[in-house]
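The values are calculated or read from the model by the stated rules, or taken from the named source; none is laboratory data. Source: prediction; values computed, not measured. Methodologically, a virtual Cβ is constructed for each residue, glycine included, from the backbone with ideal geometry; neighbour enumeration extends over all protein chains shown. Surface areas here come from the heavy atoms of the whole protein model, side chains and all, with no ligands, DNA or RNA. Shrake-Rupley method; radii C 1.70, N 1.55, O 1.52, S 1.80 Å.
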Amino acid sequence: MAYPPGGQPPDDRPQYPQQPSPGYPGPGQPAPPPGQGYPAPGYPPWGYPPPPRKSNTGLIVGLVVIVALVIAGAVIAGFFLTSQGRGPLASDEKRIELAIRDFYETLDSRGFRAAAELACTRERATFEAMTEQEKSEFDSTSVSVTIDRIEDIVVIDDTATAKVTGKLTVEVPGRQPDTETSTTEHLKKEDGKWKICSAEGTR
């Protein structure tokens, strides 16, 4: 028997047409419009689950936490400043105590000339009216201050008094040190701020 080129006998089995897969067009057939057996562009093939939607819950929770921390920090800072006499809600008593401590700390660390800048207008004018020799004598004076407590604060309008207990030692070259353990400070409010002043300056 003669065989076709290639040496193999012909396949006499019946041939069946290929069936296209469900949802997909067969060879030579046009693609169906979206919604007719094939998913629309941008969607997965039938039988596959849709991709999960991204959740914004984590982002929202994170933002809420950040806002809460900012508010808590502002409250704590405001409370701390108020307790130190620096915040806008601080009482006159706290502000007076702060003014006294700032004045004496400056006097102890930087001397009379720097402390005079924290005094009331009258005391600053008195210091500025001194001669350079008198200012130099103040600059050569050593001051050591330790404040134990400030109490008995009395506020009358824009003036105040306070009892300061501690140790104040003044050493002038060529003289014996002078030490005090308590004093009554006078203060005057100028431009909304309490300033150390003499008794005469508050009248």
For the stretch 113-131 the number of residues that are under 17 Å from E97 (Cα atoms) and open to solvent by 40 Å² or more (accessible area, probe 1.4 Å) is 1
Going through (1) assigned to a loop (DSSP other than H, G, I, E, B); (2) at pLDDT 90 or above one by one, I147 fails only at (1)
Over the stretch 117-168, the set of residues of a type in the set (S, T, N, Q) and within 37 Å of the chain's Cα centre (by Cα) is T121, S144, T146, T159, T161, T165
Check your understanding: Mind checking whether some residue in the stretch 196-203 is over 27 Å from D92 (Cα atoms), modelled with pLDDT under 90, in contact with a strand residue (DSSP E or B) (Cβ under 7 Å, 6 or more places away or on another chain) and surrounded by 15 or more Cβ atoms within 10 Å (Cβ to Cβ)?
Key -> no
The condition of being outside any strand (DSSP E or B), open to solvent by 70 Å² or more (accessible area, probe 1.4 Å) and touching a residue at least 60 places away in the same chain (Cβ under 8 Å) holds, among E93, E134, only for E93
Taking the stretch 189-199 and keeping only residues that are assigned to a strand (DSSP E or B) and within 17 Å of Y104 (Cβ to Cβ), one is left with K193, W194, K195, I196, C197
If we keep only residues of the stretch 151-183 that are modelled with pLDDT of 90 or more and assigned to a loop (DSSP other than H, G, I, E, B), then the residue surrounded by the most Cβ atoms within 10 Å (Cβ to Cβ) is D158
**Request:** With the condition kept exactly as written, say whether any residue in the stretch 184-193 is of a type in the set (K, R), within 20 Å of A90 (Cα to Cα) and open to solvent by 90 Å² or more (accessible area, probe 1.4 Å).
**Result:** yes
